[in-house]
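J.: I have a structure here, written as structure tokens, and I will follow up with some questions on it.
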Amino acid sequence: MSNLSHVSTRFDASSDRDYRMLIDGEWVTAQSGETFRCVDPYEDREWGRIPSAGAEDVDRAVRAARRAFDSGGWPQTPPAQRAALLRRLGDLIEQHADELARIQIQENGKLIGEMSRGTFMLGAHARYVAGLVENLHGETIETGFPNMSTSTVREPLGVVAAVTPWNTPLGLLAWKLFPALGAGCTLVIKPSEVTPTSTLRLAELCMQAGFPPGVVNVLTGYGQTAGAPLVAHPGVDKIAFTGSTQGGRAMLKSAADRIGRVTLELGGKSPNIVFKDADIDNAVHGAMAGIFAATGQTCMGGSRLLVEDSIYDEFTRRLAAAAETLRLGDPLDPTTEVGPLACRAQLGKVLEYIDIGKSEGARLLAGGYRDHASATRAGFFVRPTVFADVDNRSRLAQEEIFGPVVAAIRFTDEAEAVALANDVDFGLAAAVWTRDSALAQRMARRLRAGTVWVNTYRMVHHTMPFGGFKQSGLGRELGPHALDEYTETKSIWIDLGNRQTFGRR
Ligand code: NAD
């Protein structure tokens, strides 16, 4: 636990000020003048006054993005130039990675090690997308019709509304921002109300990199008052959303009337499956990394731990013992292993699910209570929690908690492992722990999830596609095809001299 002198220096006092949103290259307040406050989850301390955007601000921002797109300036900027700006942005992010990481930590309490690494990596990600942009091309296609030239071109989709969550504010924004900019789209970004200022700082770096006014706009505010009018705006061509499955449904409904394009990265209840022949030490660490990293506030969290019958008791006992020793504390202290939950609402939700687990008859092996790991005793901490003997059909096993709570479930053979793993509405990720490579490969193919890991957990890289099966999402982000979600393919037919005929003419 951190001592008081450490606490008194950890807060960046300069962040306690008035912020502005970015519309059309200008830093503005909300037209209503309304603001809201951020909260440092380690100390439950309010800071900053952030504009609370409403429908009138949304309209202004979408019009700005529309103008920047429809004028043709940005979409027709040569790909090499768009790529050059992305590279410059990547370099700026790397130079400011420590600052950007600290802002996010003050917003959501994620640990310094993971946040710094992840933010620094966005530089390489931007450069990777720049390479894709330089290689973006249509095709010449042979139809077999005589005297006919047939080809495709790739054109930018238009105005993108990027709506993002609080758990990895800049990483999950980058998944949308880089390919959208690279493809020639313009954006209106609505970050989570829990983590707005990191996105504002990134937008400042976009301006510094040289993206023209109106290409990147940021509206800060709440989901209902800023997000909902944004995604319903007729000037928006595409919604790129990361957030809850409930939020995803709202996005689809908003886009339905205008057949708007949508990509969704939603929730999960991912199975982490341990077979009896696994390297048990490794699998125990993998189970902990799966659910306790980022305090369980990760869409891909291994929240359902499926363990083969013959090792179940021993495995869950060892996991519970290890969980009890995890060191909770200041996210800026590099020796901390588990940070706070990101906000008060999340604290309430996690504690509520712990009660649900108990009332459903699951056996509590570790944790299960609010902890007071900050020196001020006010932070949003929950002790890492392990439930055993969980019924896969119970709410504890079926609903996303988004916290450090794992539900351990017993299985007897491969067929039952597959059945239990797939018996859920989500399909974001899954992991298998075994030394049997044929078993691993069979499982990898039978699991209904967008990502399957074998003998590892929570690996993500900008070169590998990421997205969900079932109610975990729609479309894929990252990887070599990331630009597909931000372009339309146009087919062009040019007759090279055939005469037109119709009926007997
Ligand atoms: P959330 O759905 O509550 O909010 C996400 C964003 O949508 C926020 O900016 C919010 O203000 C906005 N929003 C909410 N309701 C809206 C509405 N009706 N119209 C327009 N905008 C609206 O999610 P959250 O609590 O910020 O994030 C946690 C969720 O995100 C979890 O379910 C998690 O699994 C998911 N997530 C998924 C991935 C992934 O890649 N699949 C990654 C991270 C988080």
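Each reported figure results from applying straightforward, stated rules to the coordinates on display, with no laboratory input. Since we're looking at a predicted model, the values are computed, not measured. Note that each Cβ is placed from the backbone with ideal geometry, even for glycine, and that neighbours are counted across all protein chains shown.
J.: Which whole-Hz ³J(HN,Hα) couplings does the stretch 235-240 yield from phi under the Karplus relation 6.51 cos²θ - 1.76 cosθ + 1.60, θ = phi - 60°, glycine and proline marked x?
T.: Working through the residues one at a time gives x, 8, 8, 9, 10, 10 Hz.
J.: Tell me, HIS233, HIS285, HIS137 in order of fewest to most beta-carbon neighbours within 10 Å? All intermediate terms of the calculation are to be shown ahead of the outcome.
T.: Values: HIS233 22, HIS285 14, HIS137 10.
Listing HIS233, HIS285, HIS137 from fewest to most nearby Cβ atoms yields HIS137, HIS285, HIS233.
J.: If amide hydrogens are placed 1.01 Å from N in the peptide plane, which non-local residues have theirs closer than 5 Å to the one on GLY221?
T.: Distant-sequence amide H within range of GLY221: ALA53.
J.: Once both axes come from the Cα atoms, what is the angle between helix 344-359 and the longest principal axis of the chain, in degrees from 0 to 90, rounded to 10?
T.: 50 degrees
J.: In whole Hz and in residue order, list the ³J(HN,Hα) couplings for the stretch 325-341 that follow from phi through the Karplus curve 6.51 cos²θ - 1.76 cosθ + 1.60, θ = phi - 60°; x for Gly and Pro.
T.: Those phi angles translate into 8, 5, 9, 8, x, 5, x, 7, 8, x, 8, 5, 9, 9, x, x, 6 Hz.
J.: If you plug each phi of the stretch 149-158 into the Karplus form 6.51 cos²θ - 1.76 cosθ + 1.60 with θ = phi - 60°, what whole-Hz ³J(HN,Hα) values come out, in order, with x for Gly and Pro?
T.: Using θ = phi - 60°, the values come out as 9, 10, 8, 10, 10, 9, 10, x, 5, x Hz.
J.: Once amide H atoms are built 1.01 Å from N in the peptide plane, which residues 5 or more positions from SER303, or in another chain, come under 5 Å H to H?
T.: For SER303, whose amide H was placed from the backbone, the distant partners under 5 Å are SER270.
J.: So what's the angle, to the nearest 10 degrees on a 0 to 90 scale, between helix 196-209 and the longest Cα principal axis of the chain?
T.: 40 degrees
J.: Moving on. Would you mind calculating the relative contact order of the chain from Cα pairs under 8 angstrom and at least 6 residues apart, reporting the percent as a whole number? Intermediate results must be reported in sequence, preceding the final value.
T.: Details: 1166 pairs, mean separation 91.0, N = 505.
Averaging sequence separation for qualifying contacts and normalising by length gives 18 percent for the chain.
J.: Between SER151 and ASP279, what FRET efficiency follows from the Cβ-Cβ distance if R0 is 56 Å, with the result rounded to 0.05? It would help to have the intermediate numbers written out before the result.
T.: On the way: r = 53 Å, r/R0 = 0.94.
Plugging the Cβ-Cβ distance into 1/(1 + (r/R0)^6) gives 0.60.
J.: Summing -39500 (n - 2.57) over the DSSP H runs of n ≥ 4 in the chain and dividing by its residue number, what mean residue ellipticity at 222 nm do you reach, to the nearest 500 deg cm²/dmol?
T.: Values: 15 runs with 189 residues, N = 505.
Dividing the helical sum by the residues of the chain leaves -12000 deg cm²/dmol.
J.: Once you list every other residue whose beta carbon is under 13 Å from the beta carbon of ASN167, what net charge do they have if Lys and Arg are +1 and Asp and Glu are -1?
T.: On the way: positive: LYS110, ARG458; negative: GLU107, GLU114, GLU265, GLU400.
The answer is -2.
J.: Under 13 Å from the Cβ of ARG327, count the other residues' Cβ atoms, weight Lys and Arg +1, Asp and Glu -1, and hand me the total.
T.: Details: positive: ARG383; negative: GLU324, ASP330, ASP333, GLU337, ASP371.
Net of charged neighbours comes to -4.
J.: Arrange the following residues from fewest to most other Cβ atoms within 10 Å of their Cβ: LEU439, LEU347, LEU219.
T.: Ranking LEU439, LEU347, LEU219 by Cβ neighbours within 10 Å, fewest first, gives LEU439, LEU347, LEU219.
J.: Another one. Grab the other residues whose beta carbon is less than 13 angstrom from that of GLN81, score K and R as +1, D and E as -1, and report the net. Working shown, then result.
T.: Working: positive: ARG82, ARG87, ARG88; negative: GLU134.
Residues near GLN81 contribute +2 overall.
J.: Taking the alpha carbon gyration tensor of the chain, what are the square roots of 5 times its eigenvalues, largest first, to the nearest whole Å?
T.: On the way: eigenvalues 326, 188, 74 Å².
One finds semi-axes of 40, 31, 19 Å for the chain.
J.: With respect to the cross-link table entries LYS253/LYS470; LYS190/LYS490; LYS276/LYS470; LYS190/LYS470; LYS176/LYS269; LYS110/LYS358, which display a Cα-Cα separation exceeding 20 Å?
T.: Numbers: LYS253/LYS470 17 Å; LYS190/LYS490 30 Å; LYS276/LYS470 29 Å; LYS190/LYS470 25 Å; LYS176/LYS269 23 Å; LYS110/LYS358 28 Å.
Violating the 20 Å Cα-Cα cut-off are LYS190/LYS490; LYS276/LYS470; LYS190/LYS470; LYS176/LYS269; LYS110/LYS358.
J.: Taking the number of other C-beta atoms within 10 Å as the exposure measure, put PHE402, PHE178, PHE411 in order starting with the fewest.
T.: Numbers: PHE402 25, PHE178 28, PHE411 22.
Taking fewest neighbouring Cβ atoms as first place, the list is PHE411, PHE402, PHE178.
J.: Sticking with this structure for a sec: Which cross-chain or sequence-distant (5 or more) residues have an amide H under 5 Å from the amide H of ALA431, H modelled 1.01 Å from N in plane?
T.: Under 5 Å from the amide H of ALA431 lie the amide H atoms of ASN272, ILE273, TRP453, each far enough along the sequence or on another chain.
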